[in-house]
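Input: a single structure, listed below in structure tokens.
Each value in this text was obtained by applying a stated rule to the coordinates, not by laboratory testing. Everything numeric here is computed off the predicted structure, so don't read it as measured data. All Cβ positions, glycine included, derive from the backbone under ideal geometry; neighbour counts span all protein chains shown.
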Amino acid sequence: MQSLKQQIAQANLPKHIAIIMDGNGRWAKRQGLARVFGHKQGVQTVHNITEAAAELGIRYLTLYAFSTENWNRPKEEVDALMTLLVDTIALETPTLMNNNVRLLTIGDLSRLPENARRKFIDCIAQTAGNTGLSLVLALSYSSRWEITDMARRIAREAAKGRLTAENIDESTVSAYLTTAGIPDPDLLIRTSGELRISNFLLWQLAYAELYFTDRLWPEFSVEDFYTAIIDYQHRERRFGKTSEQVN
Ligand code: FPP
């Protein structure tokens with residue numbers, strides 16, 4: 001019997017996997033613990049899945065770590081999440097270096113507390129030369145923020161005469177999003193049984209395969225990750241064409 005890992009076809013790996021890590025709070029509640037313990041356990045899952053993705057040869061892994069809407073959670077939870085993110089980055093930078101992982105961020109970093117922003121910028125600079133997996137953290141990110149920001153920046157360029165309406169095409173839009181230079185995700189995974197996209201990568205997910213699992217993020221295992229990839233590899237991606245055309 002082949003292990004799940006052996007069932008993954010190297011020739012058909014998703015180049016970019018995006019994950020909505022959901023269910024930390026519910027996991028904690030089930031154990032009778034405060035929500036923050038769910039986030040702490042979630043960090044362990046982040047560690048395991050990043051390592052598994054790097055080892056498989058996935059090129060990009062994007063994790064929805066903090067949404068624009070998350071700023072509206074109770075202050076104690078926002079503070080705890082920020083501290084956890086900053087501490088994790090500081091602690092895990094050597095692991096990223098050992099695994100040849102490059103850190104990138106997407107989102108409105110200007111909203112992060114100054115010390116947090118500095119930590120992320122330091123880690124991005126330190127890992128910039130790594131050539132393996134690119135780990136993309138979505139921080140203070142939402143698609144509607146990003147799309148609004150893109151429109152504003154394009155309008156500014158047009159006002160300065162550096163862009164004309166006729167010159168704007170899909171590649172211009174992509175170039176003004178916070179994900180500029182990052183290929184679109186091939187596979188989106190969402191944990192915890194919610195069947196929503198929740199303002200995440202709305203433009204970029206146009207042709208992504210969607211995979212939903214009931215597992216809560218703190219209990220999402222490397223085996224669950226392999227199962228999602230195997231499921232992806234059994235899908236037929238047609239990009240609007242007919243089955244005959246793509247085969
Ligand atoms: C969703 O669970 C999770 C989050 C809002 C935060 C995700 C953050 C982590 C896993 C920790 C740090 C991450 C990194 C990249 C180091 P929820 O709180 O919405 O859960 P619920 O829906 O059960 O309430």
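For His39, His234, His16, the sequence from fewest to most other C-beta atoms within 10 Å is His234, His16, His39.
With neighbours defined as other Cβ atoms within 10 Å of a residue's Cβ, the residues Trp145, Trp203 order from fewest to most as Trp203, Trp145.
Grab the eigenvalues of the alpha-carbon gyration tensor for region 92-154, scale each by 5, take roots, and send me the semi-axes largest first in whole angstrom.
Calculated on Cα positions only, the semi-axes equal 25, 14, 9 Å.
Each part reduced to its alpha carbon centroid, region 114-169 and region 182-210 end up 19 Å apart.
For region 1-153, what relative contact order do you get, as a whole percent, if you take Cα pairs closer than 8 Å and at least 6 residues apart?
27 percent
Here the Kirkwood formula puts the hydrodynamic radius of the chain at 19.2 Å, using every distinct Cα pair.
Using a ≥ b ≥ c from the Cα gyration tensor of region 51-122 (square roots of the eigenvalues), is it rounded, prolate or oblate, where a/c under 1.5 gives rounded and otherwise the larger of a/b and b/c decides, a/b for prolate? Prolate, because a/c is 1.5 or more and a/b exceeds b/c. Explain nothing, just the number: dipole magnitude of the chain about its Cα centre with +1 on each Lys and Arg Cβ and -1 on each Asp and Glu Cβ, in debye rounded to the nearest 20. Roughly 400 debye, rounded to the nearest 20. Taking all Cα pairs closer than 8 Å and separated by 6 or more residues, the relative contact order of region 1-68 comes to 43 percent.
Taking all Cα pairs closer than 8 Å and separated by 6 or more residues, the relative contact order of region 125-247 comes to 21 percent.
Note on Leu103, Leu33: ascending count of other Cβ atoms within 10 Å places them as Leu33, Leu103, the fewest first. Per residue, the convex hull around the alpha carbon atoms of region 103-240 comes to 162 Å³.
Using just its DSSP H runs of length 4 or more, each adding -39500 (n - 2.57), the chain gives a mean residue ellipticity at 222 nm of -13500 deg cm²/dmol after division by all residues.
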